[in-house]
Amino acid sequence: MDKDIVILAIESSCDETAAAVVKNGREVLSNVIYSQIELHKLYGGVVPEIASRKHIEKINPVIEKALKDAHMTLSDVDALAVTYGPGLVGALLVGVAEAKAISYASGKPLVPVHHIEGHISANYIENKDLEPPFLCMVVSGGHTHLVLVKDYGKYEIIGRTHDDAAGEAFDKVARAIGLGYPGGPKIDRLAKEGNSGAITFPKAHIQGAPLDFSFSGVKSAVLNYLNECRMKKIEVNTADVAASFQKAIVDVIVEHTMEAAGEYKIRKVALAGGVASNSALREAMELACSRRHLEFYRPSPLLCTDNAAMIGAAGYYDYLNGKRAGLDLNAIPNLKIGEGL
Ligand code: KG4
Ligand code: ZN
């Protein structure tokens, strides 16, 4: 049998400081996440400068804990994997600088990982049988991409948002109905008490680009609805608003994914990114897939939101593909999928 490959992965692209030890891309030996959410809640969103400072404070203890939880030392590790984009530049730089320092000190190779490719690869961890090609709907706070995973490390974007990302729309609507940050999980919870058919919010379709998305229209429609109620002094049922808004978003995501699966004749469909932990989206996608006899995959909620285990999974296949970075590796805040090193 081939030798096991153990990767120490680091993620610091937004407001989670994370490190993980992953064996052969699929076995998570440790997964440590320090979430800064409590800190940013005060400001209603992520404050980049505060995120960078907290990453600096937490990165060493988080890495030490990841090695300890895996019962390993650096000498047991074959390579380092680090997120180098996309994300907040000051936040990314903390992980990149740390990974370069460890690589230099230990002589271990450094593998640069794309954050979204990490989200997609989270699906490999709990679905040991999942292999490309498959279709992956990536819905996170900053990204909404329908991605054709052609092979390990080979991606084609076949649908994208023209304005807000899905998670961004969840966060903005949550703020408008007074739920606070981060809004996604709160809307998810509140929507369970509401009627998703109570209000009809528009589902945007882009002319000439049937697999693309636009979420700013539905967000504005919710804001207009709230204003109108306020002006007419009608009491707002926030649970109904949450459920109806969530349905508008979920329906479009599922419809476009099913259309793409048909068009590209793909039998395997996966979800990824923070919004992939949304319970209504998971249920609707599962139902749509089972109706069409498609295999459905999604990471468990902890692996949907930012973590380093997913970076270790993506990093393993990048490592096998020979992807390496030198000590001149820099953070690339607007890195595109399939581009870069
Ligand atoms: O993937 P992620 O952790 O960070 C990015 O790379 O952007 O995604 C964070 C986003 C936030 O917008 C958050 O509100 C959303 O994922 N989110 C959810 C849920 N859990 C997290 N959205 C809807 N329902 C959820 N249960
Ligand atoms: Zn993310």
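The values are calculated or read from the model by the stated rules, or taken from the named source; none is laboratory data. On a predicted model such as this, the values are computed, not experimentally measured, just so you know. Here Cβ is always computed from backbone atoms with ideal geometry, including for glycine, and neighbour counts include all displayed protein chains. Accessible surface areas use protein heavy atoms only, side chains included; no ligands, DNA or RNA. Shrake-Rupley method; radii C 1.70, N 1.55, O 1.52, S 1.80 Å.
Miscellaneous remarks
- Reach of Lys336 by Cα under 12 Å, taken over aspartates and glutamates that are not fewer than 8 positions away in the same chain: Glu117, Glu156
- Per-residue HN-Hα couplings for the stretch 143-151 [Karplus 6.51, -1.76, 1.60; θ = phi - 60°; Hz; x = Gly/Pro]: 9, 9, 9, 9, 10, 8, 8, 7, 7
- Between 0 and 90°, nearest 10: helix 279-291 axis offset from the chain longest Cα axis: 90 degrees
- Crossing angle, helix 89-106 versus the chain [Cα axis fit, 0-90 degrees, rounded to tens]: 20 degrees
- For the chain, convex hull of alpha carbons as volume per residue, Å³: 130 Å³
- The angle separating the long axis of helix 48-69 from the principal Cα axis of greatest extent in the chain is about 50 degrees.
- The count of lysine pairs in the stretch 1-87 that are at least 8 places apart or cross chains, and whose C-alpha atoms lie under 26 Å apart, stands at 12.
- Rolling a 1.4 angstrom probe over the protein heavy atoms with all chains in place gives the chain an accessible area of 43 Å² per residue.
- Simple rule: put +1 on each Lys or Arg Cβ and -1 on each Asp or Glu Cβ in the stretch 1-82, find the dipole, and look at Gln36, Ile59, Ala18; the Cα lying farthest toward the positive end is Gln36.
- Estimated FRET transfer efficiency (Ser75, Asp151; beta-carbon r; R0 41 Å; 0.05): 0.80
- Local net charge near Ile33, Cβ-Cβ under 11 Å (Lys/Arg +1, Asp/Glu -1): -2
- Around Ile125: net Lys/Arg minus Asp/Glu count, Cβ-Cβ under 13 Å: +1
- With Cα atoms defining each centre, the stretch 296-341 and the stretch 10-68 are spaced 15 Å apart in the structure.
- If you take all other residues with their beta carbon under 11 Å from the beta carbon of Thr144, and give Lys and Arg +1 and Asp and Glu -1, the sum is -3.
- The chain - percent of accessible surface contributed by carbon and sulfur, probe 1.4 Å: 52 percent
- FRET efficiency, 1/(1 + (r/R0)^6) with R0 25 Å, evaluated for Ser279 and Arg175 via beta carbons: 0.75
- Loop sites in the stretch 166-259: GluC sites (Glu not before Pro), DSSP, at most 15 other Cβ within 10 Å: Glu193, Glu235
- Ordering of 141-148, 58-65 by packing is 141-148, 58-65, highest average first (other Cβ atoms within 10 Å, averaged per residue).
- Evaluated over the stretch 111-248, the count of Lys pairs having alpha-carbon atoms less than 22 Å apart is 18 (only pairs 8 or more residues apart or interchain).
- Selection from Met285, Leu223, Gly184 lying farthest towards where the dipole of the stretch 177-305 points positive, charges on Cβ: Gly184
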